[in-house]
Amino acid sequence: MGKRDYSLFGADAKRAVESGLTAAEWYHSDLPRKAMKDLMARSDGPAIRDTVLLYGLMIVFAAVGIALWPTWWSVPFWLAYGVLYGSASDSRWHECSHGTAFRTPWMNNMVYEVASFMIMRNSATWRWSHARHHSETYFVGRDPEIAVMRPPEMLKLVLNFFGILDVLKFFPNLIRNALAGPTASEKTYVPQSEWGKVRRVAQIHLALYAASVVLALALGSILPLMVIGLPRLYGAWHHVMTGLLQHGGLADNVIDHRLNSRTVYMNPVSRFIYWNMNYHVEHHMFPMVPYHALPRLHEAIKADLPAPNRSIADAFREMWQALKRQLANEDYFLKRELPASAKPYREDFHQYVPGIMAPNAAE
Amino acid sequence: MPWIDACAIDDIDEEDLIRFDHGGATYAIYHGVDGRFYATAGLCTHENVHLCDGLVMDFTIECPKHNGQFDYRTGEAKRAPVCVSLRTFPVKVEGDRILIDVQ
Ligand code: FES
């Protein structure tokens, strides 16, 4: 395949449609309907508990940070607040966009809107980009949420640990959305009926940021921005760290999530921040299963999946090797071994569709 | 009226659904929380995914692909990313059989 064209209007986007890749059916592990229904069951309890804990901790950390401001003693509290604001909001945004966090719709919607603001995403746009990410996960030119493009741009990856590129992209886009609605590429996945909402949401976000800046200027202090806005930079590292592991170094243009997604065992703090999205193969295969049931889903289907990475460090080591190889050879991807109990990878499409991927690129 | 024998009432658990294919089309038949049976088109209006793998909650069917939701009594699209409502079909029960009018 060689040089990839990630533009949503580019040659690879066209080829993915023409080859039938976008219409192909994804592989799913077998699971009896009854077990699946149990796993999909919704409840409010776990997410209410986690949400109260999350926002409670944020209030405490911010209050102590403000009280100790501007001494160095405030730093650990800002770091803790920042990671909850700039990283936990990503997983809350994600789970609530699926509508699986709570059983009660208004609770999902409320947390979704708050989290979208904190993670600097237009709530009316990103719902749709994420739907595309699930239909066409890592299809070059079709998936608008590809975190690691090939060849990997290492400097960009590093800068994004501090949210720098995301934020630099966010504000001009926010202003464009507030003035004129969605951009041309956003219009490829946001239905026309939602374009007005994209604009209204952008106007609200813009007003909130403008008010924070005005308050900071009036007080002659960046303190208001330490609470709103800046934590998206100084607290982004955890969601970038976990987000890169989701698909980094793995296959693109495949219809088997075992080939393009990664499950990683993580410590309980990271799992709270990340809301169990470390079970990423499972999440992509069965997006109906709420975050709190993913460990059970993992147990139910792990015999059909490649072995999970043992830790964040282990997964990074593995991904880093693959990214280094992709610098030299864009077609390289890491193909992990399946256990003997698993069904073979569904890679016919991957191997034989002309122009999509040369056979034997994987090792 | 082309009433078609689709399945037995015991074939569908309460608050669940099954897929029924007939004449080249696919349908979803529901056993509602009110004990009644309902039928809709079997494919999601967003991306043609079979609804039979989805989740029935109260009077809602949630699509397994992107969690779009419909009211299966009326077909009304209730939650993004679905915008277009589902077609519904009349259902009747005769003895222990469920019949749907697929016209
Ligand atoms: S295919 Fe049903 S919601 Fe997308």
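The values are calculated or read from the model by the stated rules, or taken from the named source; none is laboratory data. Small disclaimer: the values here were computed from a predicted structure and weren't measured. Positions of Cβ are backbone-derived with ideal geometry, glycine not excepted, and every protein chain shown enters the neighbour counts. Just so you know, the surface numbers come from the protein's heavy atoms only, side chains and all, with ligands and any DNA or RNA stripped out. Shrake-Rupley method; radii C 1.70, N 1.55, O 1.52, S 1.80 Å.
The figures follow:
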read-out: Integer Hz, Karplus 6.51/-1.76/1.60 couplings in order for the range B:9-24, x for Gly and Pro; value: 5, 6, 6, 10, 5, 5, 6, 8, 8, 9, 8, 9, 9, 7, x, x
read-out: Per residue solvent-accessible surface (Å²) - the range A:11-359, probe of 1.4 Å; value: 42
read-out: Translational diffusion coefficient (Stokes-Einstein; Kirkwood radius from C-alpha pairs) of the protein assembly as shown at 25 °C, 0.890 mPa s, in µm²/s; value: 103
read-out: Amide N of the range A:38-80 lying under 14 Å from the label point, which is placed 7 angstrom from the Cα of B:Asp58 along Cα→Cβ; value: A:42-44
read-out: Shielded by partner chains, the range A:104-152 residues - at least 10 Å² of accessible area, 1.4 Å probe, vs chain alone; value: A:Arg127, A:Trp128, A:Ala131, A:His134, A:Ser135
read-out: Accessible surface buried upon B-A contact (total; probe 1.4 Å; Å², nearest 100); value: 1600
read-out: Helix A:237-247 axis, angle to chain A major axis (alpha carbon atoms, nearest 10°); value: 10
read-out: Diffusion constant of the range B:4-100 at 25 °C, which comes from Stokes-Einstein with the Kirkwood Cα-pair radius and 0.890 mPa s, µm²/s; value: 189
read-out: Unpartnered cysteines - no second Cys beta carbon under 4.7 Å - across chain B; value: B:Cys7, B:Cys52, B:Cys83
read-out: Acute angle (nearest 10 degrees) that the helix A:123-135 long axis makes with the longest principal axis of chain A, alpha-carbon atoms; value: 20
read-out: Nearest 10 degrees, 0 to 90: helix A:45-68 Cα axis against chain A principal axis; value: 40
read-out: Accessible area per residue in Å² at 1.4 Å probe, computed on chain B; value: 45
read-out: Cβ crowding within 10 Å averaged over residues, with A:118-128, A:182-192 ranked highest first; value: A:118-128, A:182-192
read-out: Descending semi-axes in Å of the range A:110-204, equivalent ellipsoid built from Cα gyration tensor; value: 22, 17, 12
read-out: For the range A:64-171: rounded, prolate or oblate by the Cα gyration tensor [a/c cutoff 1.5]; value: oblate
read-out: The protein assembly as shown - percent of accessible surface contributed by carbon and sulfur, probe 1.4 Å; value: 62
read-out: Principal axis dimensions, the range A:2-123 - Cα atoms, whole angstrom, descending; value: 60, 45, 24
read-out: Within 10 Å of each Cβ in B:9-20, the average number of Cβ atoms from other chains; value: 1
read-out: 11 Å reach of a label modelled at B:Trp3, 7 Å along Cα-to-Cβ, counting backbone N of the range B:70-103; value: B:91-95, B:97-101
read-out: The range A:124-189 and the range A:75-99: distance between their alpha carbon centers, rounded to Å; value: 18
read-out: Separation in nanometres of the label points that stand 7 Å from Cα toward Cβ, at B:Gln103 and A:Lys37; value: 3.3
